Amino acid sequence: MRPIHSKITEIIEESPNVRTFFFDTQFEAAIPGQFVMVWVHGTDEVPMTLSGKNSITVQKVGDATSRMFELGIGDHMGLRGPFGRGFTIPGNGENVLFIAGGVGAAPIAPLADIVKARGIEGRTILGSRCCDELLFRERFDCGRVDITTDDGSEGRGGFVTDQLAEMDTSDYDRIYVCGPEIMMYKVFEILKARNVHVKTEFSLHRYFKCGIGVCGACSMDPEGLCVCRDGPVFNGGELEGSEFGHYERDSSGRKCHF
Amino acid sequence: MKIAGIELKNPTILASGIMGTTGAALVRMSRNGAGAVVTKSIGPVPKKGHNNPSMVELECGYINAMGLPNPSYTGFCEEIGIAKSKTDAPLIASIFGGNATEFTEVAKGLLSSKPDCFELNVSCPHAEGYGASVGTEPDLVHEITASVVDAVDVPVWVKLTPNVTDITSIGRAAESAGASAVVAINTVRGMAIDIHSGYPILGNRFGGLSGPAVKPVAVKCVYDLYEALDVPVIGVGGITCPEDAIEMMLAGASAVEIGSAVHDDTQIFEKVNKGIDTYLQKYGYSYTEDITGLSHEMI
């Protein structure tokens, strides 16, 4: 598909470095965890998971996102998608746990919306570096929310893994995780030790070139799965013994260890 | 089947630039039925490629300008080693350079990882100083091919660009320099523009067209090369089903490479192979060699 010329209709400043952009293009059929390729005209095109049917939530980290932060309401970006495999939608009566770190709350928030709307009980561990960077707290209002901040400015001081380590996770049917890869890997290790990692789903991030599962730039060792097409959401069982938590590849294909 | 110096498991080959970034991806494609796999094009130094968008699906095919991203030959030997250790499908290393010296440096640099064959990319349409920039000159193609053939002890194939007036003159240059086969075609120069913003859609502004739109161009090039050369022709361009592969073989292809079609079906190799077998059986042929170039006898 060609990029859909999409107008920015609203911008919410979530934190000094994170903004949510709303568009006049709705991805009604999108499943939480799926992504769109966001074309910032004249700069680059980058993958962004949808934080809503018509929104992306962006952390300012590079050229494309910096350029996005210069755009205002009425400006346009090109959107292609939705692409990839999203999260499994929990069934009624299932117990779910959300574990989100930083801007990793963005892909999980639409899932929490669904859980809330269906009256399913969902518990959340929501972490960030400091209280200013806690994202979408109110959207996770579908059960208990445990907050952690690295600097202790709100909730428990420390990491989401500190909270997780003290929790009994045996009763959860599904555990959804997104955040920095190191955080996700620590979560994976804890849950694997408890042998519940097959109940988990992780949303991964890799360098995407084509975004449609052809070029192989985002393929993961050792199975050659494409994060853009076979993911970005993977079951914990699929990630066992993979490069997850160990390395990723840069735009030239060279390995970069975490 | 032995074609152009290597023993293929079947006549469908993964084309260069598709799922060829890592050894694991190549192994995956061979497990999906590819008779051989071609790596992404590897050059003398690491390259990050063009900015995105670098590949977009259009109404008639795909347009791409990746910009030859690669970790250089020093960074890629490990990936070839992984692919070689985990599959018995022949591995063809696609390489590029700006001149004969660079091509030869890359080929020699990859030799330790034991590729079964080299495919010289003198045809990428959107990398300044590389690819088609050198592949449109018969003398340069001759010089590059001869230099690599001299330096390695495995077959050398040359992948040709259709963006020339006469592809057979380039094919002859490759053949006379010692190429074991020519591969036709690489993508056709093209461009797409977003009419709402006015911006060219690719980060590089223009690129190469692949997919169904280019198949008739590829069939004509294969047909012409089959007439003009003695070495085998490997057909590539827009093959999405068994019928496409058979058409390419009737035009003169000894084997086919499949690229963009992996988008719609990662099992495409298996599907095309089964279809070819059914066709051969239906019309009473024993081998694909029996139908290679058959359409030339119909006039």
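The values are calculated or read from the model by the stated rules, or taken from the named source; none is laboratory data. The structure displayed is predicted, hence computed values, not measured ones. Glycine also receives a Cβ, built like all others from the backbone with ideal geometry; neighbour counts cover every protein chain displayed. Ligands, DNA and RNA are stripped out before the accessible areas are found, and what is left, the full protein with its side chains, is counted by its heavy atoms. Shrake-Rupley method; radii C 1.70, N 1.55, O 1.52, S 1.80 Å.
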Could you tell me whether the stretch A:206-225 includes any residue that is farther than 25 Å from A:VAL36 by Cα and surrounded by 18 or more Cβ atoms within 10 Å (Cβ to Cβ)?
no
The strands (runs of 3 or more DSSP E) lying entirely within the stretch B:2-95 that contain at least 1 residues which are surrounded by fewer than 22 Cβ atoms within 10 Å (Cβ to Cβ) and touching a helix residue (DSSP H, G or I) at 6+ places or on another chain (Cβ under 6 Å) are none
Those residues of the stretch B:111-127 which are more than 14 Å from B:TYR73 (Cβ to Cβ) and outside any strand (DSSP E or B), in sequence order:
B:ASP116, B:VAL122, B:SER123, B:CYS124, B:PRO125, B:HIS126, B:ALA127
Specify which of the listed residues (A:GLU238, A:GLU223) is within 14 Å of chain B (Cβ to nearest Cβ), out of contact with any Asp or Glu (no Cβ under 6 Å at 6 or more places or on another chain) and in a helix (DSSP H, G or I).
A:GLU238
If you check A:VAL177, A:VAL198, which single one turns out to be in contact (Cβ under 8 Å) with a residue 40 or more places away in the chain and either within 14 Å of chain B (Cβ to nearest Cβ) or farther than 30 Å from B:ILE18 by Cβ (or both)?
A:VAL177
A:THR49: under 26 Å from A:SER128 (Cα atoms), away from chain B (no Cβ under 14 Å) and part of a strand (DSSP E or B), yes or no?
yes
Out of the residues in the stretch B:247-258 that are open to solvent by 10 Å² or more (accessible area, probe 1.4 Å) and not charged (D, E, K, R), state the one that is farthest from B:GLY171 (Cα to Cα).
B:LEU250
Selection count where residues are in contact with a Ser or Thr (Cβ under 7 Å, 6 or more places away or on another chain), crowded, with 21+ Cβ neighbours inside 10 Å and in a helix (DSSP H, G or I), scope the stretch B:224-244:
1
Take B:LEU140 and decide whether it is farther than 25 Å from B:MET191 by Cα and at pLDDT 95 or above.
no
Within the stretch B:260-299, can you find the residues that are of a type outside the set (S, T, N, Q), closer than 30 Å to A:SER219 by Cα and part of a helix (DSSP H, G or I)?
B:ALA261, B:VAL262, B:HIS263, B:ILE268, B:PHE269, B:GLU270, B:LYS271, B:VAL272, B:LYS274, B:GLY275, B:ILE276
Could you check A:THR25 against (1) more than 15 Å from A:PRO110 (Cβ to Cβ); (2) part of a strand (DSSP E or B) and say which number it fails?
(2)
Within the group A:GLY72, A:GLY78, A:GLY42, A:GLY33, which residue is outside any strand (DSSP E or B), at the interface with chain B (Cβ under 10 Å from one of its Cβ atoms) and not basic (Lys, Arg)?
A:GLY42
Sole miss for A:ILE12 among (1) more than 14 Å from chain B (Cβ to nearest Cβ); (2) open to solvent by less than 40 Å² (accessible area, probe 1.4 Å) is condition (2)
Tell me yes or no: at least one residue of the stretch A:218-226 is farther than 22 Å from B:THR266 by Cβ and at pLDDT 95 or above.
no
Leading residue by the ranking (farthest from the chain's Cα centre (by Cα)) among those in the stretch A:15-32 that are more than 24 Å from A:LEU134 (Cα to Cα) and surrounded by 14 or more Cβ atoms within 10 Å (Cβ to Cβ)
A:THR25
With open to solvent by 30 Å² or more (accessible area, probe 1.4 Å) and within 13 Å of A:PHE23 (Cα to Cα) as the only criterion, which of A:GLY52, A:GLY42, A:GLY74, A:GLY78 stands out?
A:GLY74
Which listed residue, of A:SER219, A:SER242, is under 19 Å from B:VAL262 (Cβ atoms) and of a type in the set (Ser, Thr, Tyr):
A:SER219
Of all residues in the stretch B:192-223, which are open to solvent by 30 Å² or more (accessible area, probe 1.4 Å) and part of a helix (DSSP H, G or I)?
B:PRO212, B:ALA213, B:LYS215, B:PRO216, B:VAL217, B:LYS220, B:TYR223
